[in-house]
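A.B. asks: Let me begin by handing over the structure; questions about it come next.
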Amino acid sequence: MGGIYKQLVEKMLKSEMDKHLGYAKNDRGSKSTTNQRNGKSRKRLKTDAREVPIEVARGRESTFDPIVVPKHERMSQKIEDAI
């Protein structure tokens, strides 16, 4: 479960970051923001089965507040319920 769960959560977080910034990763077109990606942070999510390590993208201006896995939270009950 860990591998698929990790891929799913990271894909959702990547989509959230793309929407937040207004452009996809490596998009060479014009950007309407000065904010840009600035690496990733590691986080461990607690699931019903075990802890799953994930990586969450960071923005230079620190304005990205993910909905799927909110900042400073390790539980993902919304995702658990959906799965």
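A.B. asks: Tell me the label-point distance for the pair Lys46, Thr34, using the 7 Å Cα-to-Cβ offset, in nm and rounded to one decimal.
C.D. replies: That separation, rounded to one decimal, is 4.0 nm.
A.B. asks: Tell me the label only: which of (1) 27, 17, 6; (2) 47, 18, 8; (3) 26, 12, 11 is semi-axes √(5λ) of the Cα gyration tensor in Å as calculated from this structure?
C.D. replies: After the calculation, the listed value that fits is (3).
A.B. asks: Segment 19-66: which trypsin sites (Lys or Arg not before Pro) are DSSP loop and have at most 16 other beta-carbon atoms within 10 angstrom? Can you show the working numbers first?
C.D. replies: Working: sites: Lys19, Lys25, Arg28, Lys31, Arg37, Lys40, Arg42, Lys43, Arg44, Lys46, Arg50, Arg58, Arg60; in loops: Lys25, Arg28, Lys31, Arg50, Arg60.
For trypsin sites (Lys or Arg not before Pro) across segment 19-66 that sit outside H, G, I, E and B with at most 16 neighbouring Cβ atoms in 10 Å, the list reads Lys25, Arg28, Lys31, Arg50, Arg60.
A.B. asks: May I ask you to give the percent of accessible area on the chain that is carbon plus sulfur, with a probe radius of 1.4 Å? Provide the component values of the computation, followed by the final result.
C.D. replies: Working: 2940 of 5910 Å².
Using a 1.4 Å probe with all protein chains present, the chain comes out at 50 percent carbon and sulfur.
A.B. asks: In Å², and per residue, what accessible area does the chain have when probed at 1.4 Å with the other protein chains present?
C.D. replies: Working: 5910 Å² over 83 residues.
Heavy-atom SASA per residue in the chain reads 71 Å².
A.B. asks: Let me have the 222 nm mean residue ellipticity of the chain computed from DSSP H runs of 4+ only, each contributing -39500 (n - 2.57), with the sum over all residues rounded to the nearest 500.
C.D. replies: For the chain, the value works out to -10000 deg cm²/dmol.
A.B. asks: Suppose every Lys and Arg Cβ carries +1 and every Asp and Glu Cβ carries -1, with no other charges. What dipole size does the chain come out with about its Cα centre, to the nearest 20 debye? Spell out each step's value before the answer.
C.D. replies: Working: 19 positive and 12 negative charges, 76 e Å.
Dipole magnitude for the chain comes out near 360 debye.
A.B. asks: Compute the helix-to-body angle for 2-21: its Cα long axis versus the longest principal axis of the chain, expressed 0 to 90° and rounded to tens.
C.D. replies: Tilt relative to the chain: about 30 degrees.
The values are calculated or read from the model by the stated rules, or taken from the named source; none is laboratory data. The structure displayed is predicted, hence computed values, not measured ones. Quick reminder, even Gly has a Cβ in these numbers, built from the backbone with ideal geometry, and neighbours come from all protein chains shown. Areas reflect the complete protein model, heavy atoms only, side chains present, ligands, DNA and RNA absent. Shrake-Rupley method; radii C 1.70, N 1.55, O 1.52, S 1.80 Å.
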